[in-house]
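J.: Sharing a structure with you now.
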Amino acid sequence: MMISVVEAISDLLFVRDTVVVPGLGAFVKKPVPAKVNPVANYFAMPSCVVEFDANLREDNDLVAGYMAENSDIPIAEAKKQLVMFVSECFNALKKGKKVELDHIGTLSYDWDNNLVFIQDKSVNYNADAFGLTDFTPEPVIQSKSKEEIRADIEQQQKEKNTPVTVDEEAIHQDDGQNRSKKKGWWFAVAAAAVLLLGLFYFNLNRLGLGLNDDATLSQQPNTINEDFLSKNDLSLDSVGPVVTDSFRIIAGCYDQEEFAQRIVVSLQTKGFGQAYKEKRGERWYVAYGWYPTEEEAVTVLREIRESGKGKGWILK
């Protein structure tokens, strides 16, 4: 396969700091290290600035030799093509036209007939940047004490009307004058508890999560509701072990699927075997796992925060 002069220059810029095109000039590569902008909270990957030096026109066989080797042609033929390329460039420049070098940049004359080069920054010629991208990290929330975390979770429970534990001590402080009413009240509580328990097991069976003596909720097969996926802009390929009407503990959300997958693997190595990722809109959400009740999710979230293994929030 025949490669062009421009392709040869572009390939050589990945491995050489200076690529001389005899009769035209030299393309000089200068590396730029990674940068951190603390104000914008932005990380820029390593890159390169490519400049053009019209004074470096020494005759060498770097470009011609590369063309001959990769196009399987004699070096004399490669040199001939190189001379024709340089001639065509100058003819176009003298007519006031710009010379477009794909993935490299643009050559043109300024008002004083000096060669001006504008780099095409769509290609990064810095080998240290291979596989890297610019990114904006998620803000790190300042850690809180156990007491503050516990207070926050309890406040969230109140705001979401979660069940509140009966204050038995307050009940026993009754002076005994309304014992008959208390008996009736306890009977109502017991009946309500039986009713709630029945509804709970009914819903588990309806969802295909019925329990047996040796099983736990985390061991039940997962079910995925297609209407739920469509409503939340999800797909069967992007979701993890999600159960409809479940509660998720979200560890974070990210723009790139690859970064989200790394977080999932990290959580799984820390002992969160149910960790998974799912796409919601344009972002990827990473969850520690799903839980059938909000109470169970709150308990696990409290353990995660108190153990110092991470942070998160609950999403239904």
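J.: Check whether at least one residue in the range 53-69 is over 21 Å from residue 105 (Cβ atoms), in contact with a strand residue (DSSP E or B) (Cβ under 7 Å, 6 or more places away or on another chain) and either in a strand (DSSP E or B) or not assigned by TED's automatic domain parsing to the domain that holds residue 108 (or both), and report yes or no.
T.: Within the range 53-69, none of the residues are over 21 Å from residue 105 (Cβ atoms), in contact with a strand residue (DSSP E or B) (Cβ under 7 Å, 6 or more places away or on another chain) and either in a strand (DSSP E or B) or not assigned by TED's automatic domain parsing to the domain that holds residue 108 (or both).
J.: Can you find a residue that is among the basic types (Lys, Arg), under 14 Å from residue 5 (Cα atoms) and either in a strand (DSSP E or B) or modelled with pLDDT of 90 or more (or both) anywhere in the range 79-99?
T.: Looking for residues that are among the basic types (Lys, Arg), under 14 Å from residue 5 (Cα atoms) and either in a strand (DSSP E or B) or modelled with pLDDT of 90 or more (or both), one finds at least one in the range 79-99, hence yes.
J.: Output the residue which, of all residues in the range 267-292 that are in a loop (DSSP other than H, G, I, E, B) and surrounded by 16 or more Cβ atoms within 10 Å (Cβ to Cβ), is modelled with the highest pLDDT.
T.: Per the criteria, the residue is 275.
J.: Let me ask something else. Is it true that residue 242 is buried (at least 17 other Cβ atoms within 10 Å of the Cβ), within 21 Å of the chain's Cα centre (by Cα) and modelled with pLDDT of 85 or more?
T.: Considered against the rule, which asks whether it is buried (at least 17 other Cβ atoms within 10 Å of the Cβ), within 21 Å of the chain's Cα centre (by Cα) and modelled with pLDDT of 85 or more, residue 242 comes out as no.
J.: For residue 64, all conditions in the list (1) out of contact with any Ser or Thr (no Cβ under 7 Å at 6 or more places or on another chain); (2) touching a residue at least 60 places away in the same chain (Cβ under 8 Å) hold save one; what is the number of the exception?
T.: That leaves (2) as the condition not met.
Matching residues to (1) loosely packed, with under 14 Cβ neighbours inside 10 Å; (2) basic (Lys, Arg); (3) in contact with a helix residue (DSSP H, G or I) (Cβ under 9 Å, 6 or more places away or on another chain):
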| position | (1), (2), (3) |
| --- | --- |
| 11 | no, no, yes |
| 32 | no, no, no |
| 37 | yes, no, no |
| 70 | no, no, yes |
| 81 | no, no, yes |
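J.: Looking at the range 88-117, which of its residues are touching a residue at least 40 places away in the same chain (Cβ under 8 Å) and loosely packed, with under 13 Cβ neighbours inside 10 Å?
T.: 114
J.: All but one of (1) surrounded by 14 or more Cβ atoms within 10 Å (Cβ to Cβ); (2) over 23 Å from residue 123 (Cβ atoms); (3) in contact with a helix residue (DSSP H, G or I) (Cβ under 8 Å, 6 or more places away or on another chain); (4) modelled with pLDDT of 90 or more hold for residue 74; state the number of the condition that does not hold.
T.: Just one mismatch for residue 74, condition (1).
The values are calculated or read from the model by the stated rules, or taken from the named source; none is laboratory data. It should be emphasised that the depicted structure is a prediction, and the values quoted were computed from it without experimental measurement. Positions of Cβ are generated from backbone atoms using ideal geometry, with glycine treated the same way; all protein chains shown enter the neighbour counts.
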